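As structure tokens, the structure follows; a few thoughts come after it.
The values are calculated or read from the model by the stated rules, or taken from the named source; none is laboratory data. Treat the numbers as computed from the prediction; the structure is a model and nothing was measured. Every residue, glycine among them, receives a Cβ derived from its backbone with ideal geometry; neighbour counts consider all protein chains shown. Just so you know, the surface numbers come from the protein's heavy atoms only, side chains and all, with ligands and any DNA or RNA stripped out. Shrake-Rupley method; radii C 1.70, N 1.55, O 1.52, S 1.80 Å.
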Amino acid sequence: MPASPQLLSSTETDMRQIFRDAMARLAAAVTIVTTDGDGGRAGFAATAVCSVSDSPPMLLVCLNKGSSAYPAVAANQAICVNILASEHESLSRLFGGKTPVDERFAAATWSRTETGCLRLEGALASFDCTISSVADGGTHDVLFCSVETIDIRSEGQGLIYFDRAYKTV
């Protein structure tokens, strides 16, 4: 007989941690989001990315307002969302930490997209986007991004983040 699930209740003071623990149970694809232009070069690891529409092609990306990448993304108004393959785990760790920007980008091979952002060579897919609108999402801005071009790799295993750990699918 399967064990009964552990149910947690919450109070206002511990809701943030319970929310974070519950969201850790949601598996998500790992991406690196890049920007480059007059506002500067930046990149960050993200799992808060999803499709909005296929007609027109549009993505949603959540960006922490306190992120070091925030000023560059806001100024450039363009991003490239790179879906990571299993071999990109160490790169994701670099882009998810406090590593200086130049060191992050030096760890991989990149090509310039039509919007001027950087596309990761070997990504499972890359979406070159312009930011069409922004919504306030508390600690994050929700970026609605119009997809300009897409590059797809024909094979490879995906990298996901689940239960605070990287997994390969």
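In the elastic network of the chain, a GNM with C-alpha springs shorter than 10 Å, the most mobile of Thr35, Thr130, Thr109 is Thr109. For the set Met23, Met58, solvent exposure ranked by accessible area (probe 1.4 Å, protein chains only) runs largest to smallest as Met23, Met58. Put a plus charge on the Cβ of each Lys and Arg, a minus charge on the Cβ of each Asp and Glu, and nothing anywhere else: the dipole of the chain about its Cα centre is then about 400 debye.
Taking trypsin sites (Lys or Arg not before Pro) as candidate sites, keep only those in a DSSP loop with at most 15 other Cβ atoms within 10 Å, then name the longest stretch of the chain containing none of them.
99-152
Helices in the chain, meaning DSSP H runs of at least 4 residues, each add -39500 (n - 2.57). Divided by all residues, the mean residue ellipticity at 222 nm is -4500 deg cm²/dmol. Isolated cysteines in the chain, defined as those with no second cysteine Cβ under 4.7 Å, comprise Cys50, Cys62. Think of a 1.4 Å ball rolled over the protein heavy atoms: the stretch 1-139 then has 57 Å² of accessible area per residue.
The mean sequence separation of alpha-carbon pairs under 8 Å and at least six residues apart, normalised by the residue count of the chain, gives a relative contact order of 26 percent. Among the GluC sites (Glu not before Pro) within the stretch 98-142, those in coil by DSSP and having at most 14 neighbouring Cβ atoms inside 10 Å are Glu114, Glu121.
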